[in-house]
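Okay, so here's the structure we're looking at.
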Amino acid sequence: MRYRINDQIVFQKPPGGPLVPWLTGLAESLKTQRFPHQTIHVELRRIVQFSEWLEHQQVELSSLSPADVVQYLQTRPLRSQQQGSRAPLRRLLEYLRSEDVIDPEEPAPPPTPAECCVQDYVEHLRKQRGLAEDTIVNYARQARNFLQHRFASGKVVLSHLNADDVIAFVRDETARLPSPKSKAKVSGSLRAFLRYVHVHADGMPDLASYVPRVASWPMSSLPRAIAADQTQKLLKSVDRTTPVGRRDYAILLLLARLGLRAGAIVFLTLEDIDWTAGTLTVTQKGARHSVYPLTEEIGEAIADYLQNGRPKSSERLVFLHARAPFRPFRRGSDLSDMIRYRIDHAGVEAPTRGSHQFRHALATEMQRRGASLSEIGDVLGHRSANATRIYAKVDVVALRSLALPWPGGVQ
């Protein structure tokens, strides 16, 4: 005998377990959040499996807890089954809590003294320095690691820090990192934190100068830029008849044509687009704003996404996830999976799988067309001329005339 939920979702046999009375309400909740019918069907099927497991384990619904979910997932034989069940079960618990069926989620433990210090630092980075969210996450992680390295879970007394603590942390932290670049980031992040506490903490000595400098040669290599023909191949490979394709195509255009950072694209709002003036206002690092021309190509792509691809939402950020509940992206790194998938799917020959190669490609092309380093820096939103100097190395033809002849000629 078949079992129906809301006269739409059909099971071949009546489901069992303590969750059955709540399946209809959960289906309605998911529908309200605009989950597709097929997704709701799949999620309910996974929840029915969980319900039957609860019955077999003799778990009462009133005592259901996240620990039961963890135990259930461990019984799933395939990793894909575990991953496919996590989100549905998380939404199930949220629904049952909202209906007062199970106890509210246990409050998070109070933050450690180190975490309290880091929270204040994060607010400073976000509000005073206007750093990108990815940068804030990295800076906060190193600050937290440093304080835990020195004080463990005990009381944090910043005035007790000394040069030996700084040197010991950098030595231990960089010992496990593979590349000079990642090691240099540890030093840079710690130096920024020590400058902050020197200014904001009473009796805190200035320890930033004691941070060891990790050997790094940022100008030792050429920028890794994707070739122009490969960029065109990538753009042509996107299926623009689908909502996801329209979104991804618009994002790729902003990367390729304007050289925007992924973080700037993620936080682009509807108000940043001036359709009348044909401009796009972009928030750069340090909360600075740059105005870019909204070219016909980019404007048409964004308009196509907004009219035919973007889910209906009260969110003011332009780009949203394509799956319910259609939340906005949280940080620039959220675009990494999409970019990687598009490059692999198109069979593009690219030096990396990240977004920065498009900025490098734009800067390289501008330099070859005669743009000055200052003009390139303005387009890329660089605050320092040092960040743009590396593009002086890409014009091999011009540099060849400056090269001295090899003594004795070519052998």
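The values are calculated or read from the model by the stated rules, or taken from the named source; none is laboratory data. Just so it is clear, the structure is predicted and the values come from calculations on it, not from any experiment. Quick reminder, even Gly has a Cβ in these numbers, built from the backbone with ideal geometry, and neighbours come from all protein chains shown.
Figure legend. Inter-residue proximity from the range 285-298: first residues in the same structural domain as G381 (by TED's automatic domain parsing) and surrounded by fewer than 13 Cβ atoms within 10 Å (Cβ to Cβ), second residues modelled with pLDDT under 90 and not hydroxyl-bearing (S, T, Y), beta-carbon distance below 7 Å, spacing 6+ or different chains. Indicated pairs: G286/R129; G286/G130; G286/R383.
The number of residues in the range 176-204 being surrounded by fewer than 16 Cβ atoms within 10 Å (Cβ to Cβ) and more than 15 Å from Q142 (Cβ to Cβ) comes to 8.
Cβ-Cβ distances below 7 Å connect the following pairs, each with a first residue in the range 191-214 that is in contact (Cβ under 8 Å) with a residue 60 or more places away in the chain, a second residue that is among the small types (G, A, S) and buried (at least 18 other Cβ atoms within 10 Å of the Cβ), and a separation of six or more residues or different chains: F193/A143.
Could you list, in sequence order, all residues of the range 70-85 that are over 30 Å from A152 (Cα atoms) and exposed (fewer than 13 other Cβ atoms within 10 Å of the Cβ)? Q74, T75, P77, L78, R79, S80, Q83 - these are the residues of the range 70-85 that are over 30 Å from A152 (Cα atoms) and exposed (fewer than 13 other Cβ atoms within 10 Å of the Cβ).
Quick check: is even one residue across the range 248-271 loosely packed, with under 14 Cβ neighbours inside 10 Å and closer than 19 Å to V379 by Cβ? No - not one qualifying residue is present in the range 248-271.
V214 meets the conditions (1) in contact with a helix residue (DSSP H, G or I) (Cβ under 6 Å, 6 or more places away or on another chain); (2) part of a helix (DSSP H, G or I) in every case but one. The failed one is (2). Can you confirm whether the range 121-131 contains a residue that is touching a Gly at 6+ places or on another chain (Cβ under 8 Å) and either buried (at least 19 other Cβ atoms within 10 Å of the Cβ) or closer than 30 Å to E28 by Cα (or both)? Yes - at least one qualifying residue is present in the range 121-131. Against the list (1) buried (at least 17 other Cβ atoms within 10 Å of the Cβ); (2) farther than 16 Å from A324 by Cβ; (3) of a type in the set (S, T, N, Q), the condition T24 fails is (1).
Restricting the range 107-133 to residues that are assigned to a helix (DSSP H, G or I) and charged (D, E, K, R) leaves a set whose member that is nearest to N145 (Cα to Cα) is E115.
Taking the range 158-167 as the range and being part of a helix (DSSP H, G or I), farther than 20 Å from Y139 by Cβ and either hydrophobic (A, V, I, L, M, F, W, C) or out of contact with any Gly (no Cβ under 7 Å at 6 or more places or on another chain) (or both) as the test, the residues that pass are H160, A163, D164. Which number in (1) more than 27 Å from the chain's Cα centre (by Cα); (2) β-branched (V, I, T); (3) part of a loop (DSSP other than H, G, I, E, B) marks the one condition that I226 misses? Single failed check for I226: (1). For first residues located in the range 107-133 and more than 14 Å from F193 (Cα to Cα) and in contact (Cβ under 8 Å) with a residue 60 or more places away in the chain, partners that are of a type in the set (V, I, T) and part of a helix (DSSP H, G or I) and lie 6+ apart or on another chain with Cβ distances below 9 Å form the pairs E133/V266.
Looking at A301, is it surrounded by 20 or more Cβ atoms within 10 Å (Cβ to Cβ) and at pLDDT 95 or above?
Taking the combined requirement at face value, the residue satisfies it.
Please tell me if P104 is loosely packed, with under 13 Cβ neighbours inside 10 Å and closer than 30 Å to H149 by Cα. Here the answer is no, as P104 does not meet what is asked. Only one entry of S80, S98, S62 meets the criterion of being among the small types (G, A, S), at pLDDT 90 or above and either outside the structural domain of R195 (by TED's automatic domain parsing) or over 30 Å from A140 (Cα atoms) (or both), and that entry is S98.
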